Amino acid sequence: MRKLLFILFLLVGFTASSQCVSNESHVISPAGPYSPGQTVTVWYTLGTFTGININWIHAFQINLGVGWTNLNPTGAPSNVGGSVGNWLWDLQHTYPSGFNFGPGWRFVNTGNAGWGTSTTGPFIVSFQVTVAQTCTADDLSISLEVFDDCTTGGWSNGGCCVDPAYNIYNGIVQLPLITTSNINHF
């Protein structure tokens, strides 16, 4: 009986960890592994955002391993039928609450400063990154986080969304094999 309760507790805890985001998916092209100088395009889709306590979606943050460089946004989320405002690409932004954000897209609501957008989705974002010129097997992880206006401090109705980062890619820089000619010792 204790084991059954423990397993149920884990399942409930796992389900609760994705409170507000659902139907996440991605496409990455070309498929890895990656070598120095390669440029990769990522498309991320969030099917639905269902905020709790009237919390609205506010930001998409891109998290990159140290092996990536030249992050370039190629497609912002849409705001069909949402609040008045627009999505802004930002490398770094500190919200009035002290929440540090970036890089990624954040929604600037022109009607209510600090609020997100009431749009529930779907949202599609895209970006390109390049593998840095390196001679070490650096981290090439890519993940994306979705934040609500409760987390950023724009809306304080309690019960912020606590959704884990969505993993897009895990890997390291694939280094070319270095070959040298034989050395003659005369």
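The figures follow:
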quantity	calculated
Filter pass, N70 being in contact with a strand residue (DSSP E or B) (Cβ under 6 Å, 6 or more places away or on another chain) and open to solvent by less than 30 Å² (accessible area, probe 1.4 Å)	no
Scan of the stretch 164-184 for residues that are at pLDDT below 75 and closer than 30 Å to S143 by Cβ, ordered by number	L177
Qualifying positions in the stretch 85-139 - more than 17 Å from N72 (Cβ to Cβ), among the aromatic types (F, W, Y) and surrounded by 16 or more Cβ atoms within 10 Å (Cβ to Cβ)	Y95, F101, F107, W115, F123
Qualifying positions in the stretch 51-88 - closer than 25 Å to F99 by Cβ, in a loop (DSSP other than H, G, I, E, B) and modelled with pLDDT of 95 or more	G65, V66, A76, P77
Of residues in the stretch 140-159 being of a type in the set (S, T, N, Q) and out of contact with any strand residue (DSSP E or B) (no Cβ under 9 Å at 6 or more places or on another chain), the one least open to solvent (accessible area, probe 1.4 Å)	N157
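The values are calculated or read from the model by the stated rules, or taken from the named source; none is laboratory data. Quick caveat, the model's predicted, so the values are computed rather than measured. Note that we place each Cβ from the backbone using ideal geometry, even for glycine, and neighbour counts take in every protein chain shown. Surface areas here come from the heavy atoms of the whole protein model, side chains and all, with no ligands, DNA or RNA. Shrake-Rupley method; radii C 1.70, N 1.55, O 1.52, S 1.80 Å.
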